[in-house]
Every structure is written in structure tokens, then in C-alpha cells.
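Working notes, structure below.
The values are calculated or read from the model by the stated rules, or taken from the named source; none is laboratory data. Just so we're clear, the structure is a prediction, and the values are computed from it rather than from any experiment. Glycine also receives a Cβ, built like all others from the backbone with ideal geometry; neighbour counts cover every protein chain displayed. The accessibility values were calculated without ligands, DNA or RNA, using every heavy atom of the protein model including side chains. Shrake-Rupley method; radii C 1.70, N 1.55, O 1.52, S 1.80 Å.
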Amino acid sequence: MFTFRLKRTVKLGIKSLWMHRLRSTLTTSGIIFGVSSVIAMLAIGEGASQHAQEQIARLGSCNIIIKTVEPPEEEQAGGRERVMHEYGLTYADAERFHNSIPNVEVVVPNRLLAQRAWYRNRKVAAEVIGTVPWFPDVSTVRLIQGRFLSSIDMHYKQSVCVLDENVVSELFAFDDALYQDIKIATDYYRVVGIVTQQAIVSDLQTFDNQAPAAPGQGGANVGNIYIPLTTIKDRFGEISIEFSGSSGAKIEKVELHEIIVKVGSIEEVLPTRDILETLLDRFHKQSDYQVVVPLELLRQAERTKMIFSIVLGSIAAISLLVGGIGIMNIMLATVSERTREIGIRRALGAKKRDIIVQFLSETLILTLAGGILGIILGSSIPYFVTYFGHMPTVITTSSLILAFGISAIVGITFGLYPAYRAANMDPIESLRHE
Amino acid sequence: MQQFNKTPEFKTDKPILVMKQLCKSYQLGTVQLQVLRNIDVTINSGEYVAIMGPSGSGKSTLLNMIGCLDHPTSGQYWLSGRNVFELNDDDLSLIRGAHIGFVFQSFNLIQQLNVVENIEVPMYYQGLSEHESAQRARKLAVMVGLGDRITHRPSELSGGEQQRVAIARALANEPLIILADEPTGNLDSESGSEILKILVDLHKQGKTLIVVTHDEGIATDAQRTIRLFDGRIKQNGER
Ligand SMILES: Nc1ncnc2c1ncn2[C@@H]1O[C@H](COP(=O)(O)OP(=O)(O)O)[C@@H](O)[C@H]1O
Ligand SMILES: [Mg+2]
């Protein structure tokens, strides 16, 4: 009985809408674009945030990263020219972190150098990371061939290196990379292992300026080359000289570029950060370090994502609202056009409720059809955005449900008034209507 | 809702509707327009009544009042023993759908529906099943001589054919009363008399038939003629 009524109502609605195909299509387009923009916007927002979260998660949620930064000029001790400028993290810092904070499980000191590496006539710009054998404990790198650096390598300052996949693919077109010798600066290093890491993230900054690159990741570099920390100190020293125009050379001494500290659990991250900062504050006269907590970045990214979604979502919702108003406009026109039909139906026994149901269902058919088409269109837009715009997008089921639900709500909200108007017309007046 | 008496009463002396001192007026600005003044009418079950009068005398208004489409300003109206004033909008809709069959001068078919679908409309609002209403609508279409036109739209039919569909639709729920407002007014004399024949046949089968007309011939046919003049009953009886 009920299904019959529903079937009849839907059939009648479609029939009436079909009589004005063009009008129905144009009306629905408002909803189609509204719904598809909701889905597309949410997909882009979700994509951007998942991307950022992945990046941050890669930094390790139990990690605290302390980076060396060049202190502001006025804080620099001594004169400006031709004086060696010494700053940054030291081995002593790393030692202190390890010895005086019980929560700290792993301490990884790193030196970073942007260098060119050669294999035969092939060349690649890479980030050379001087690190320790337990670096993999704080990183997401995964060994795919050979081995990582060992304590023997460390002890004997061996000329060995571990390459990441990107470097391998740049340097070795045909040869097997393992146990080949590559040249960095003036020395040769033997490849003892190859690691992999998910896609390099260079656009993290576009999402959040505060976010640093993953451990030992330089901006323009193709990939990373890991060599023992002792080796890098031995071969490259700790002093860098940079000639800057007329003012002469800038000489700097930096022991470590970053120290990555890992604690046992997420709850310990923030308390440990505080202890680290106090400790650093005591031993550093100038602010030549920066503490980065991936966990905090993650939370910040979540907040940013929420705001992002709200803004994009509201823009899309406004377009849906406009679509809804368009529908209401057309339904009001339809109702006044069909005044006579309403009068006839009332004379033949239709209750007010029947009239409401009839017109409301027409509106709902329009909006739900628009919703479905909008979902189809909206799901394909992110695909094109990813394909042509190289932006990550993620369509979530909840965004589809949300968009469809909104279109249904729009249908009911904007259909109710015209339907109500139709139902409350005086039957006699309606019948007299030409 | 109370069960409405649906069995047609064949005895002509039993009143199916009684109107007492019924008035209808419209307030047009400061002027009050009296359309119906103190109407006293009793119509018996199975009667055939013609309502006549000059244009604007209130014939349609009276007919709509009888059909529970229009609301009187004052007075009393009993339809089949029930006080119409006490009924709400839903009850009135139900009465119109179940017990009254309207036939209009301008046919008033729904343009987007075909013949059977138009006939089915009143059944739909009474909650008949799909199968039952389709079957019944087809039977009624055959009865009014449109058995081979059931899928045609109103725009594909002549005036006379459209009015037949309207009559079939009026009969959809086996009403007690058929109300026809100038049913032949828009038709040529030939199809007009065909339509009238169908209506008179229905009367002969026991339906109460009330026809608004300008045609003295119809009035002659009817058992009784009510003549309106300026909203008042000028004559109420056999010619
Ligand atoms: N809604 C209305 N407002 C004002 N006057 C109306 C309205 N409806 C009908 N009338 C008036 O009531 C009178 C009777 O109308 P009607 O019953 O249609 O007459 P008839 O059917 O006899 O030609 C007419 O004078 C008409 O102008
Ligand atoms: Mg009239």
C-alpha cells in the first residue's frame, strides 16, 4: 500500500518533471554543481591534510627533533668579519640528552651536507647525512638491499655509504649499485646498502610553513646518502667557508646539524621536550637551535585541516544554498502554473497532505537526482585535479554521504514552502484559475 | 472518522442534502457582495435537479457549496445526515473524493495524464490498490465509449471525448451525487446531447444528479428545476 503510493508519487513526479525537461535540467544543475563542489572541495582538503599528516607522521610521532639554526646577527658574539662563527648543536648536547634524561631511548646526532655525488660520468645533487648506525630507529627508512652503517664503520671511519633509492636511480642506470664505489667531493665511498623511503616531500611547506623536512632532507636534493658520522667529520671537517660578495668570507663552525631524540611513548613527548629545552637553554648562550615536535605539528595539522574543511565546505554549501534557492524559485513557478491542476485534485478528493507530498516529492526527485549526478561529477573532479594539478585528493565516504544528505535537506527545505503554498490554495480559486 | 453512508438510497423522498438559510458573501473592499442569499434547498436521494439562472446569479457557487468545495458564510448544510460545518478540511476532501463526482464545463482533466490515469486520480486519493484502480478505470473508460483511447492524452481528444473522461472520473469512487456545472456548455449540440444522455442514464441507475445549465431542454428533462436570480431562489419545483 505504502510502496504503491510511493511508486505512484514518484512516477507522477517524474512525469510532471519530464514535461518540462529543460527547466528541470537547468534547475537540477544548481544542485549538481553544489554537490560536486562540496565533494571536490572536501576531497582536495582531505587530500592536502592526509598528505601533510603522512609527512609529519614520517618525522615520527615519538620523536623530538632539535635543529641547528643560525642565530640572529645581533646575538653573534664578537666582530663580524673574518672571525670564525661558532654555533649550533654539539656532541656534548647529544651526550647530555642521552645521559641526563631517562625517558630518552635513542639519540641520533646528524651532520648534513649538500654535495654532489658521481658514479662514472653520472652526477647527482644529494644530501649527505653523517649519522650513526641506529639512525633507522628514528626514521622510516627501510633497508631493501645490503646493510645499514655499522659501529665498525663508525669506529674505523670507513668510506662506506648507504644510498636511498632516488640516488640509486639517478646514478646507476644499468649497473647494480651495491658494492660499487661512488665519489663524493674528492673521496670514494663504497655502497653497502640501499634504503627506501616513501615519496619525497618537498611541498610540505606549502601546507604548513612551520613544518621542517623529514630527518636529513634537503630541499632541492634528489635524495640522501648516509655515511658514518665519524667519516663525515674526518673528510669534510666542521668548518665551512662561504664567500659572500665584498664583505669577504663567512666562516662557520657547526658540530651537528640536528639531533633526533626518540622517547618511549607519545605521552612522554611533550614533558621530554620541556626538559630538553631547559637543558639546551642552560648550555646555549645564543638561540642557535630550534626544537620541532612532529606530534605537535600533527595536532596543528589536524586543526588546520579542520579549518580548511570548514572554509571549503562553507563555500560549497553556499553554492548548494544558491542551488536550493533556484529550486525553490522554479517550484514556486511550477505551483502557480499548475494551480488549476491543484484545484482539480482537491475537488477529486486530495487532502492538503496529498498536495504537499506531491510537490515535495517533485522537489526531492530534482534534488536527489541532482545529488546523484553531483556525486558522479564531484567524484571525477578530484581525479582530474590529481592528474593534471598533481595535488593529492582523497574522497571519503562520509563526504559523499554528507553531500547527498545536504542535497536531500536542501530539497526538503526549499520544497516545503512551495508545496505548502500549493496545499493551502483555495480549491475554488484554483479551479477558476486560467 | 465516522462511516459515511455509502449505499445509494433509491427512495426519492429521503433527503440526501438539506440546506437552510445558506448565505455566501464576498467582502470586496468596503462593499459586501451577496452571492447567495438565504438558500433553502432539500434534494432527495436519486433526484435529478436542474439549476438555472442568468450568468452571475450564483449557480456555480451553489453547486460548489453542495460539493463541499466552497464554504458558506452562514446557514446550515447537512449532507447525508452530517453537518458539513463540523467537518475539517481532511473530512471534506474525503467526502468529495468518495461521495461526490464533479463534472465541469471546461472538463478539467489533468493534461500530463492519459485517459485511464485521469480516471484513476480520485481512486488514488481513496487509497485503492494499483491493480484495482487500473481495472476499474479501464472499465469506466469502456463504459463511456473510450475503451480504445485509454492511453490518449486530453490534448488528443475532442471536447465531447474529454467530457466523457470527466464523467468516467466522476464515477470512479461510485459517488452518491453527481454535480455537473454546465457540462455541455463547451460542446456542440450533438456531443452535448450524448453527454447529457450518459448523465441521464446515470440518474436512471439511481445516482442523484444535479446539473447547472442554460439549456431549457435539460430543465424539461429534469424532475425539478431550481431557478436562481441574484443569489436568491426564484423557483424551486417542477417547472
Ligand atoms: N472570489 C470571489 N470574489 C468575489 N466575487 C466572486 C468570487 N467568486 C464568485 N464571485 C461572484 O459571485 C457571483 C456568482 O458567481 P457564480 O456562482 O460563478 O455565478 P454563475 O455560475 O451563476 O454564473 C458572481 O457575481 C461572481 O462575480
Ligand atoms: Mg457558473
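Given 0.36 nm per residue, what is the gain on full extension from A:E252 to A:M391 after removing their alpha carbon distance, in nm?
On the way: separation 139, 0.36 × 139 = 50.04 nm, distance 3.91 nm.
Answer, rounded to one decimal: 46.1 nm.
Test of the criteria: in the stretch B:163-239, which GluC sites (Glu not before Pro) are in a DSSP loop and have at most 12 other Cβ atoms within 10 angstrom of their Cβ?
Working: sites: B:E190, B:E194, B:E216, B:E238; in loops: B:E238.
Loop-located and lightly packed - B:E238.
Between A:I310 and A:D181, with labels modelled 7 Å along Cα→Cβ, what's the label distance in nm to one decimal, could you check?
For A:I310 paired with A:D181, the spin-label model returns 6.2 nm.
Averaged per residue, what accessible surface does the protein assembly as shown expose to a 1.4 Å probe, in Å²?
Values: 31340 Å² over 673 residues.
Averaged over the residues of the protein assembly as shown, the accessible area is 47 Å².
Can you tell me what share of the DSSP beta bridges in the stretch A:58-165 is antiparallel? A percent to the nearest 5 is fine.
Values: 9 of 9 bridges.
In the stretch A:58-165, DSSP labels about 100 percent of beta bridges as antiparallel.
Where in chain A are the DSSP H helices whose C-alpha atoms run 20 Å or more along the long axis and whose mean Kyte hydropathy is at least 0.5? Don't jump to the answer; show the numbers that get you there.
On the way: long enough: A:2-19 (26 Å, 0.19); A:21-59 (56 Å, 0.46); A:269-283 (21 Å, 0.28); A:294-337 (63 Å, 1.10); A:352-389 (53 Å, 1.14); A:397-423 (37 Å, 1.28).
Result, helices passing both filters: A:294-337, A:352-389, A:397-423.
Relative contact order for chain A: what percent, with Cα pairs under 8 Å and sequence separation of 6 or more? Don't skip to the end; give the middle numbers.
On the way: 779 pairs, mean separation 132.8, N = 434.
Contact order relative to length: 31 percent.
How far apart, in nm, are the 7 Å Cα→Cβ label points at A:S336 and B:H131?
4.6
Excluding same-chain residues fewer than 8 positions from A:K11, which aspartates and glutamates have a Cα within less than 12 Å of its Cα?
A:E362, B:E117
Within a Cβ distance under 13 Å of A:A125, other residues only, what is the Lys/Arg minus Asp/Glu net charge?
Values: positive: A:R116, A:R122, A:K123; negative: A:E127, A:E170.
Every neighbour counted, the sum reads +1.
Report, in deg cm²/dmol and to the nearest 500, the calculated mean residue ellipticity at 222 nm for chain A, where each DSSP H run with n ≥ 4 adds -39500 (n - 2.57) and the sum is divided by the residue count. Walk me through the numbers before you get to the answer.
Working: 13 runs with 230 residues, N = 434.
Taking each H run of at least 4 residues, the total per residue is -18000 deg cm²/dmol.
Give me the angle, in degrees from 0 to 90, between the Cα long axis of helix B:189-204 and the longest principal axis of the Cα atoms of chain B, rounded to the nearest 10.
Taking Cα atoms only, the helix is inclined about 80 degrees.
Rounded if a/c is under 1.5, else prolate if a/b is larger than b/c, else oblate: which is the protein assembly as shown, with a ≥ b ≥ c the root eigenvalues of its Cα gyration tensor? Each step should come with its number before you reach the end.
Values: a/c = 4.84, a/b = 3.84, b/c = 1.26.
Because a/c hits 1.5 or more and a/b exceeds b/c, the protein assembly as shown counts as prolate.
Just to be sure I understand: with springs between alpha-carbon atoms less than 10 Å apart, which residue in B:L69, B:L28, B:L196 has the highest mean-square fluctuation in the Gaussian network model of chain B?
Among B:L69, B:L28, B:L196, the largest mean-square fluctuation in the Gaussian network model of chain B belongs to B:L28.
Taking the Cα centre of each part, how many Å lie between the stretch B:188-205 and the stretch B:56-88?
When both Cα centres are located, 26 Å separates them.
Quick check: from the Cα gyration tensor, does chain B come out rounded (a/c under 1.5), prolate or oblate? Could you put the intermediate results ahead of the total?
Values: a/c = 1.60, a/b = 1.36, b/c = 1.17.
Because a/c hits 1.5 or more and a/b exceeds b/c, chain B counts as prolate.
When chain B is modelled as a GNM with alpha-carbon springs shorter than 10 Å, which of B:V103, B:V49, B:V35 fluctuates the most?
In the Gaussian network model the winner is B:V35.
Would you look at the GNM of chain A, springs on alpha carbons closer than 10 Å, and say which of A:T413, A:T68, A:T131 moves the most?
Among A:T413, A:T68, A:T131, the largest GNM mean-square fluctuation belongs to A:T413.
To the nearest 100 Å², how much accessible surface do chains A and B hide from each other in total, with a 1.4 Å probe? List each step's numbers first, then the result.
Values: alone 22580 and 11600 Å², together 31340 Å².
Roughly 2800 Å².
Can you tell me how much longer the chain between A:N121 and A:D426 gets when fully stretched, taken as 0.36 nm per residue apart minus their C-alpha distance, in nm with one decimal? Can you show the working numbers first?
On the way: separation 305, 0.36 × 305 = 109.80 nm, distance 9.12 nm.
Separation in residues times 0.36 nm, less the Cα-Cα distance, equals 100.7 nm.
Could you check what % of the DSSP bridge pairs in chain A are antiparallel, to the nearest 5? Let's see the in-between values first.
On the way: 42 of 55 bridges.
Restricted to chain A, the bridges split so that about 75 percent are antiparallel.
Buried by at least 40 Å² relative to the chain on its own: which residues of the stretch A:325-364 qualify, computing accessible area with a 1.4 Å probe on protein heavy atoms?
A:R340, A:I344, A:R345, A:R346, A:A347, A:L348, A:G349, A:K351
Is the stretch A:51-154 best put as rounded, prolate or oblate by its Cα gyration tensor, with a ≥ b ≥ c the root eigenvalues, rounded for a/c under 1.5, and otherwise prolate when a/b is larger than b/c, oblate when not? Before the final figure, lay out the partial values.
Details: a/c = 1.70, a/b = 1.20, b/c = 1.42.
It is oblate, given that a/c is not under 1.5 and a/b is not larger than b/c.
How far is helix B:89-99 tilted, in degrees, relative to the longest principal axis of the Cα atoms in chain B, given as a value from 0 to 90 rounded to the nearest 10?
Here the helix axis deviates by roughly 60 degrees.
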